[in-house]
Amino acid sequence: MGNIADIIKQISSNKELMAQIAKADPAQAKELLKKANINVDEADIKKVQEAVADGKLDLGDVTSIAGGLFGK
């Protein structure tokens, strides 16, 4: 299982990639991330997609998402 916050940090500067991931099906999203040299487990794809869906993430959001996902 990858660290969702790290993945979001890696792609956050590429708004176009984030938009593509948000709209893609899980298989397509995994391929998009793979092309960006980011390997993501199948189980994490939906979490990454949910995190980038609005395209308005900042570092505070990433921290909140990471805390919510891994704080339990």
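Listed values, structure above:
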| quantity | calculated |
| --- | --- |
| Total formal charge among the other residues, if their Cβ is under 14 angstrom from that of Ala43, Lys/Arg +1 and Asp/Glu -1 | -1 |
| Ranked packing of 15-23, 45-53, most packed first, by mean Cβ within 10 Å | 45-53, 15-23 |
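Values in this text are rule-based calculations from the coordinates and carry no lab data. Since the model is a prediction, treat every value here as computed from it, not as a measurement. We place every Cβ from the backbone using ideal geometry, glycine too, and count neighbours over all the protein chains shown.
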